[in-house]
1. Looking only at the range 63-82, how many residues end up being among the small types (Gly, Ala, Ser), under 21 Å from PHE41 (Cβ atoms) and in a loop (DSSP other than H, G, I, E, B)?
2. May I ask you to list pairs of residues, at least six apart or on different chains, whose Cβ atoms are under 9 Å apart, with the first in the range 60-73 being at negative phi and the second being modelled with pLDDT under 90 and in a helix (DSSP H, G or I)?
3. Within the range 2-28, which residues are of a type outside the set (Phe, Trp, Tyr) and farther than 15 Å from ILE85 by Cβ?
4. Any chance the range 3-19 includes a residue that's of a type in the set (Lys, Arg), loosely packed, with under 14 Cβ neighbours inside 10 Å, assigned to a loop (DSSP other than H, G, I, E, B) and modelled with pLDDT under 90?
5. Could you list, in sequence order, the residues of the range 25-59 that are without any contact (Cβ under 8 Å) to a residue 24 or more places away in the chain, outside any loop (DSSP other than H, G, I, E, B) and surrounded by fewer than 15 Cβ atoms within 10 Å (Cβ to Cβ)?
6. I'd like the residue in the range 83-127 that is in a loop (DSSP other than H, G, I, E, B), in contact with a Lys or Arg (Cβ under 9 Å, 6 or more places away or on another chain) and closer than 22 Å to ILE29 by Cβ and, out of all such residues, is modelled with the highest pLDDT.
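The values are calculated or read from the model by the stated rules, or taken from the named source; none is laboratory data. Note that this is a predicted model, so its numbers are computed, not measured. Here the Cβ positions follow ideal geometry from the backbone for every residue, glycine too, while neighbour counts run over all protein chains shown.
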Amino acid sequence: MLSFKSIILKFANKGEKTGWTYVDIPPDIIPKLKLKTKKEFRIKGLMDDVKFERLATYPIGDGNFIIAINAELRKKLGKKEGAMISVKFELDKSEALQSQELMDCLNEDPVALQQFNSFTLSHKNYFHNYVLAAKGFDTRAGRIVNIMNAMYKKQNFGEMIRSLKKN
């Protein structure tokens, strides 16, 4: 496992990443990963003593990457921007969970499926996680309807969620 210590940072103004909380992966660690691409990749490991899996890293230019720290993970860590954190990680090659119910619906609708397939893997995973996080059948069904409607509106996950909040 690779390890480093870093200060938790937050983007003030960085396009779609504005407001994100993250840590920089030190540049000397990236070559040790022997990546075949400079695109995002998933990692698993520990932040302080909190275990994580399938956590996304994102390229930010010049061969540098960040690890985004979502609200759920920050809460488990009990840390905010400016705090020091210890990170131990390795590549996570496990497949993301998929909602079979969502895939069944998409496979019956070529237009929606084509739009869904136009998204990157990480954006597809947002939709799957949205469905999988629903506890009840009615909630799952409603979320699948929301996704199918979003595909026809050509909305990505963030656009869909924002439009649902407006209603």
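1. Of the residues in the range 63-82, 1 are among the small types (Gly, Ala, Ser), under 21 Å from PHE41 (Cβ atoms) and in a loop (DSSP other than H, G, I, E, B).
2. Every condition considered, the pairs that remain are ILE60/LYS17; ASN64/ILE30; PHE65/ILE30; ILE66/LYS17; ALA68/LYS17.
3. Initially, the range 2-28 is screened for residues of a type outside the set (Phe, Trp, Tyr), giving 2-3, 5-10, 12-19, 21, 23-28.
Result: ALA12, ASN13, LYS14, GLY15, GLU16, LYS17, THR18, GLY19, PRO27, ASP28.
4. Taking every residue of the range 3-19 in turn, at least one turns out to be of a type in the set (Lys, Arg), loosely packed, with under 14 Cβ neighbours inside 10 Å, assigned to a loop (DSSP other than H, G, I, E, B) and modelled with pLDDT under 90.
5. Those that are without any contact (Cβ under 8 Å) to a residue 24 or more places away in the chain, outside any loop (DSSP other than H, G, I, E, B) and surrounded by fewer than 15 Cβ atoms within 10 Å (Cβ to Cβ): PRO31, LYS51.
6. ASP92
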